[in-house]
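The values are calculated or read from the model by the stated rules, or taken from the named source; none is laboratory data. Because the structure is a prediction, the values reported are computed rather than measured. FYI the Cβ positions are ideal-geometry reconstructions off the backbone, even for glycines, and counts take in every protein chain you see.
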Amino acid sequence: VKVTLIEISPVWYGVGHGITLQGNALKVFNLIGAFEKMAEKGHGFDWLEMYHASGAQVAKMPAAKTGGPELPATMGALRSDIQTVLVDMIHELGVEVISDVDDALAWADVANVLRVQHERMDRAFFPSIREYHRRYGITMERLNRLDRIPLILHPGPINRGVELTSEVADSPHAAILNQVENGVAVRMAVLYLLAAQSSTQDVL
């Protein structure tokens, strides 16, 4: 399988500080062979502990091992460490890395456009919103230059006029509303299954 990664910046760096990885994410990392390297840099744990401001422990309970019994329920790690592991694997696996959106759209069957998360940005990662939209935003003008227009997806909420124009988001080429609606149904189903479990083991 050919994998192509579109990356805005030639210099890769993590955003934020620490991150908590749940069992479902650890399961995927294990499947792609990244878990062992992450475990060397992170800290896995199977218990959820709650403390009062005074330092006294209020509660301690087992956390659901949604990734399977062989993996920790949760892992804490630095985002920079996780990034290092994944970037090294990207190069080791021979993933093609490009920064031209038009080159990617030319062969893509589906384009899953991600949201610019302004609330996570503690510094400027691109010159301006206008510049970002000009270089990376999906517009009908950009799509109409293609021989074949891919299906456009977005996890929502959309920053209209940034990642996508309203014309694209509301066009027959997009399935965003179906994607978001199905995502809600999947989350409801998962919560129902978790709530119905009498044991914290073997969930999902």
How many residues of segment 43-70 are in contact with a Pro (Cβ under 9 Å, 6 or more places away or on another chain) and surrounded by 15 or more Cβ atoms within 10 Å (Cβ to Cβ)? The answer is 3
Name the single residue that is farthest from Arg135 (Cα to Cα) among those in segment 80-98 being acidic (Asp, Glu) and loosely packed, with under 15 Cβ neighbours inside 10 Å.
Glu92
Note down all Cβ pairs under 6 Å where the first residue falls in segment 98-115 and is in contact (Cβ under 8 Å) with a residue 40 or more places away in the chain, the second is surrounded by 13 or more Cβ atoms within 10 Å (Cβ to Cβ) and of a type in the set (Phe, Trp, Tyr), and they're at least six residues apart or on different chains.
Val101/Tyr136
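Looking at Ser9, is it outside any helix (DSSP H, G or I), exposed (fewer than 12 other Cβ atoms within 10 Å of the Cβ), of a type in the set (S, T, N, Q) and modelled with pLDDT of 90 or more?
Here the answer is no, as Ser9 does not meet what is asked.
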Restricting to segment 139-162, and then to whatever is without any contact (Cβ under 8 Å) to a residue 40 or more places away in the chain and among the polar types (S, T, N, Q), can you tell me which residue is surrounded by the fewest Cβ atoms within 10 Å (Cβ to Cβ)?
Asn144
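Would you mind listing the strands (runs of 3 or more DSSP E) fully within segment 21-70 where at least 1 residues are under 25 Å from Val87 (Cα atoms) and free of Cβ contacts under 8 Å to residues at least 60 places away in the same chain? Don't jump to the end; show me each part of the working.
Numbers: elements: 43-45, 47-51, 57-62.
Strands (runs of 3 or more DSSP E) meeting the threshold: 43-45.
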Test set (1) under 20 Å from Leu193 (Cα atoms); (2) out of contact with any strand residue (DSSP E or B) (no Cβ under 7 Å at 6 or more places or on another chain); (3) modelled with pLDDT of 90 or more - Thr74 fails condition number:
(2)
